[in-house]
């Protein structure tokens, strides 16, 4: 009776055993890599917009205050894309013939709003009303973070890592601190005068803010109740 | 369980069970007392009527599981498949609007001949919620359920949206041109009739009189199906002037009400509820006597109640008048309970502040006599003229119009009103008209060839000659701060008693016609919230059966849902019955308002039209009717299952209600709660977290059961309507329910000292309507500190927050429903069929919800309107998810964010839950229980405070204050 299995069959058997173990692991790793990749999350990929608006140009290079366009930002949890009229306060005077601004002029004439494509969308079931990264560095607006819950929890777990207070202007309220930082950028675009924490915040790196000790002090000072930040209903209601 | 027949009790069993009971027992339904096998099975089964998983075979089960797992994986890649959403900013943003921030507009909700000041919350021009206006005297910050639900009418899918001419779309221009042409062609307006509801707006009154100046012969006909004809005519007889009484219940010690349901169906009910409960909350309390011909919420609050026939109301008033020594009043034609009247009269006589209230359904003579009684007692009542004179009764006016139509004398008929419109005057309208509509004001002004906006019209009426800033402030506040000219009512006509109408005498059966407790005269018949709101006393939804007493049901062999034929004159109505505890004998109550034939997709086929029996002669009540049990046949069933919610979510067999008599409670107090054996470890600190700890206190003493809270919760928390078929299966979604408990005294055996026995002469059982006591108990999630629902959830979808909320995380929930099984209070609701997205279909009463067809694009378009009602701060829940009361966590979060911005703690009273806000009697108080100075902490320290099912040691955050009654000792210990 001839051998049914050739010697190579041993190797094949070993290999298939190995594959049997490895393939689910591989499948899961690949699947999770895909789901975390930009292809799925859209991070860093600008969307087509009716007008190629640049935050970097307006907020950083020209130094326009955020609140000039985003009027509700200090009272409302919604970003509030500015009305066409706001664009036209300047663009009725400058760049009046630019073809890029055609949709703005058209909207102003016809009264039909400009339809922007939404870049950052909080996932369903989440009520989110604060904070964004270094948008003043973006020419075309793109998603900066994938909006996975683990990202939310980074800060909700350890707010001390992300709190900031300008040591030179301690009298400012937490809200004023934010705008204070942005006005610093405009006077000091390269960040020579800034400390490391401030530079981190401006670059939008994930390790930002003050040192942990200072942060912990700020947590107490601002009356943050850390435990409560992780309560489900703080964001899900 | 699928073909269960609830509501099938045997009255003999009920009677025997009650007769054997010692002490005071509270029960919710006749089934519960009789302990029918059907009832027990229903209680045993947490989700009655569900499909069994065993109906799927093994292969299908594995297929479904496989598919579910695949799809679950796909959900992670949503963004690959979902289209990008658009952001659409304003072109020119209105100054006050900040996207994401609510604006509140002050306006007025007119209903039942009174105006209720309200604030409407609006997001980006989209009104989503109505709340009371705290500075309006009729509201004081509260509303009733009608005001809460009227916001849904704004998005009624069946609203007329265009001008039609003979069924073809037309335009306002054509309408106005032709109408004006026709009006000009008349001889000084002869043949012009304007049919309107009772006019309450001074501006509309001014516009109408302007129109009448141009057309002197034009007639304005005011008509309401629930009108004040008898009130005005009674006043006319007594004082020679047609005036409305306005009862002031603030600080009143003794109130005697004769069919006067001031808690729900009288004008200015919200104000009177508040005044009544404010006094009720004091140590000395007030005392309420009610004589009524159909069970009402006011009767349910009464310390002493007598159920009589409609025709006997007048006799009772006459007896009271005689007893109080009012000259010239003859005895009534019916027998009265002399002891009761005597006790009431002496109580009224000795009280410092008192009033006698008579409802609109009472006879003309009753109202005239009430004028004399209140005059003799110096009752707490003032008199006011209607906004537009009503010289004749509304019924006569309508009859005149009908006659003119039949005789062909009507050239132009303008019908105004019938639909609350929200394009109420404001400089910036609350909402731009959704459809091509005009307000009644604008229409009347356009008909005078000088079209103006509502704002201009109101300003012209109230603002002329005054400074504009003052007018704008009025508009902003919703209240005009000019003292109303006090009308000094003409003196009582001394000989009026001689000119009273002849008394109705009736023996035998009477019919009482009453407006539907939720649909009113039918104006909310197409409002899903109102159709599905359990009617306060019967807990009925989607239907309006004839209400009869248990004795009559027993005599005729009827149980809930059995059909009867009611014959009055030449008309016969076939209608199911609902056995109502406390209903007077020999009376059938018919609630009108349901059964409209041309109503729209929601109210289509709902209920019965009882108006066919309601004639001008028998407007409020009719004698001489016959009732016979209807025969069933091959084609026609003689039984309809009633969608009653009273048997759902039962906590039967436990000590739930605590009620005491005032004096005994003052002496003995309440037994201290015994600490039961706890399954859970005790906590070291009272509150381990340093922050607000939320809790609620509900005062059973002043809860009237009006259901404003339930509707407010529905509006605030995006709670869907599910339709009659699903209510029958026990799936109603209201996060809050109001349990209604009855008790009767113990039939002469072993009388508990706490028992209230009005009169030992009465046979104390369920057949005696006078012996029945009612307690209302609002119930939502108790937010137990040691919550039984939490440990049983396999996916941690319900967990505790540091502030003491029992949170429900919808995106974690996989729908095992273990939590609901383990909840002792039955407050969790499961969304079986994606009710919100498919809401219009459930409201359609479609028997099989999966097979609907949308007939036209226009209808579809109308349905999408309903999406605009959603509160943007609350998740719209989908299928397969458990949900429940959150303590309005979105409001807590909003307050916390505001407090953080201002770097302070949340103040007491800053977080107001939707139910608390709506409550006319102020029975619900919410706040921080860790702060011992907060309002809620003070209430929890009250002697009456108790925890529902406290023996379970679940440490509920919601606790109750026991009910107190204030019976008259003279009636009690005879």
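Results, tabulated for the structure shown:
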{"quantity": "Pick from the range A:158-196, criterion touching a helix residue (DSSP H, G or I) at 6+ places or on another chain (Cβ under 8 Å), closer than 24 Å to residue A:225 by Cβ and outside any loop (DSSP other than H, G, I, E, B), ranking: farthest from the other protein chains (Cβ to nearest Cβ)", "calculated": "A:161"}
{"quantity": "Residue in the range B:895-908 that is modelled with pLDDT under 95, more than 14 Å from chain A (Cβ to nearest Cβ) and either touching a strand residue (DSSP E or B) at 6+ places or on another chain (Cβ under 8 Å) or surrounded by 18 or more Cβ atoms within 10 Å (Cβ to Cβ) (or both) present", "calculated": "yes"}
{"quantity": "Matching residues, the range A:218-237, being part of a helix (DSSP H, G or I) and in contact with a helix residue (DSSP H, G or I) (Cβ under 8 Å, 6 or more places away or on another chain)", "calculated": "A:218, A:219, A:226, A:228, A:229, A:233, A:234, A:235"}
{"quantity": "Identity of the residue in the range A:125-142, farther than 17 Å from residue B:100 by Cβ and not in a helix (DSSP H, G or I), that ends up nearest to the other protein chains (Cβ to nearest Cβ)", "calculated": "A:125"}
{"quantity": "Within the range B:771-800, tally of residues that are within 14 Å of chain A (Cβ to nearest Cβ), farther than 20 Å from residue B:947 by Cβ and either touching a residue at least 40 places away in the same chain (Cβ under 8 Å) or within 26 Å of the chain's Cα centre (by Cα) (or both)", "calculated": "2"}
{"quantity": "Among the candidates B:210, B:141, B:189, residue that is outside any loop (DSSP other than H, G, I, E, B) and outside the structural domain of residue B:618 (by TED's automatic domain parsing)", "calculated": "B:210"}
{"quantity": "For residue B:383: the one exception among (1) under 25 Å from residue B:244 (Cα atoms); (2) assigned to a strand (DSSP E or B); (3) more than 31 Å from the chain's Cα centre (by Cα)", "calculated": "(3)"}
{"quantity": "Residues being surrounded by fewer than 16 Cβ atoms within 10 Å (Cβ to Cβ) and either within 17 Å of residue A:114 (Cβ to Cβ) or in contact (Cβ under 8 Å) with a residue 12 or more places away in the chain (or both) - total across the range A:26-48", "calculated": "7"}
{"quantity": "Residue match in the range B:795-807 (condition: closer than 17 Å to residue B:734 by Cβ and not in a loop (DSSP other than H, G, I, E, B))", "calculated": "no"}
{"quantity": "The lone exception for residue B:502 - which of (1) part of a loop (DSSP other than H, G, I, E, B); (2) in contact with a strand residue (DSSP E or B) (Cβ under 7 Å, 6 or more places away or on another chain) it fails", "calculated": "(2)"}
{"quantity": "Scope the range B:213-239; condition farther than 27 Å from residue B:361 by Cα and either within 32 Å of the chain's Cα centre (by Cα) or outside any helix (DSSP H, G or I) (or both); matching residues", "calculated": "B:215, B:216, B:217, B:218"}
{"quantity": "3 or more residues over 22 Å from residue B:775 (Cα atoms), modelled with pLDDT of 80 or more and over 26 Å from the mean Cα position of the chain (by Cα): qualifying strands (runs of 3 or more DSSP E) within the range B:558-666", "calculated": "B:563-568, B:571-579, B:626-629"}
{"quantity": "Where a residue in the range B:465-477 is surrounded by 13 or more Cβ atoms within 10 Å (Cβ to Cβ) and its partner, wherever it lies, is modelled with pLDDT under 75 and in a helix (DSSP H, G or I), with Cβ under 7 Å and at least six apart", "calculated": "B:471/B:462; B:474/B:462"}
{"quantity": "From A:230, A:145, A:226, residue being touching a strand residue (DSSP E or B) at 6+ places or on another chain (Cβ under 7 Å), surrounded by fewer than 18 Cβ atoms within 10 Å (Cβ to Cβ) and within 14 Å of another protein chain (Cβ to nearest Cβ)", "calculated": "A:145"}
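A quick yes/no check of all residues on (1) assigned by TED's automatic domain parsing to the domain that holds residue B:908; (2) surrounded by 20 or more Cβ atoms within 10 Å (Cβ to Cβ); (3) touching a residue at least 60 places away in the same chain (Cβ under 8 Å):
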| residue | (1), (2), (3) |
| --- | --- |
| B:938 | yes, no, no |
| B:951 | yes, no, yes |
| B:957 | yes, yes, yes |
| B:972 | no, no, yes |
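The values are calculated or read from the model by the stated rules, or taken from the named source; none is laboratory data. Fair warning: this is a prediction, and the values are worked out from it, not measured in the lab. Heads up, the Cβs are rebuilt from the backbone with ideal geometry, glycines too, and the neighbour counts pull from every protein chain shown.
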